[in-house]
Structures are given as C-alpha cells and as structure tokens.
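Chemist: Below is the structure I would like to discuss, written out as structure tokens.
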Amino acid sequence: MATSPGQSLDIASRIGAERCITQVRELTRRFAEHQEIEGVDRILDRLRAA
C-alpha cells in the first residue's frame with residue numbers, strides 16, 4: 001500500500017500535475033499516524049523531500 005503514493009508522486013512529478021502532487025502530499029499527515037507499518041517511513045521521507 002505504501003508504494004502506491006510513491007508511484008503516484010513520481011508520475012505526477014514527471015507530468016507536472018501540481019494538483020495531484022498536492023493531494024499525495026496531503027497524505028503525509030495520515031501516513032504519519034501509521035509509521036509502524038512497513039514502507040510508511042520510506043514514503044514519508046519521499047513525500048517530505050518532494
């Protein structure tokens with residue numbers, strides 16, 4: 001599950017879809033509550049770096 005937002009962010013960034021990038025970034029708050037789940041820490045790092 002945590003890979004889907006990362007893939008979405010990659011695609012949205014490549015095509016310059018700012019609205020989609022914003023929507024994926026908004027997930028950061030929700031994912032932060034679930035850092036114990038495998039992969040969530042990686043997606044949070046990617047979202048914060050983007």
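Chemist: If you count only protein heavy atoms with a 1.4 Å probe, what accessible area per residue comes out for the chain, rounded to a whole Å²? Numbers along the way, then the final one.
Modeler: On the way: 3800 Å² over 50 residues.
Heavy-atom accessible area per residue stands at 76 Å².
Chemist: What angle, in degrees between 0 and 90 and rounded to the nearest 10, separates the Cα long axis of helix 18-32 from the longest principal axis of the Cα atoms of the chain?
Modeler: The angle comes out near 0 degrees.
Chemist: Cα-based Rg (one decimal) and Dmax (whole number) for the chain, in Å?
Modeler: Every Cα atom of the chain included, Rg and Dmax give 10.2, 32 Å.
Chemist: Here's another thing I want to ask about it. Ignoring ligands, DNA and RNA, what percent of the 1.4 Å accessible area of the stretch 11-50 is carbon and sulfur? Kindly include the intermediate steps, with their values, before the conclusion.
Modeler: Working: 1570 of 3200 Å².
Carbon and sulfur atoms account for 49 percent of the accessible area of the stretch 11-50.
Chemist: Sticking with the crude label model, points 7 Å out along Cα→Cβ, report the distance from residue 19 to residue 37 in nm, one decimal please.
Modeler: Label at residue 19, label at residue 37, 2.6 nm between them.
Chemist: Same structure, new question: Sort 38, 33 by accessible area with a 1.4 Å probe, largest first. Intermediate values should be presented prior to the final figure.
Modeler: Values: 38 160, 33 135 Å².
The ranking, largest first, comes out as 38, 33.
The values are calculated or read from the model by the stated rules, or taken from the named source; none is laboratory data. Everything numeric in this text was worked out from a predicted model, so none of it was measured. All Cβ positions, glycine included, derive from the backbone under ideal geometry; neighbour counts span all protein chains shown. Keep in mind that these areas ignore ligands, DNA and RNA; they rest on the heavy atoms of the full protein, side chains included. Shrake-Rupley method; radii C 1.70, N 1.55, O 1.52, S 1.80 Å.
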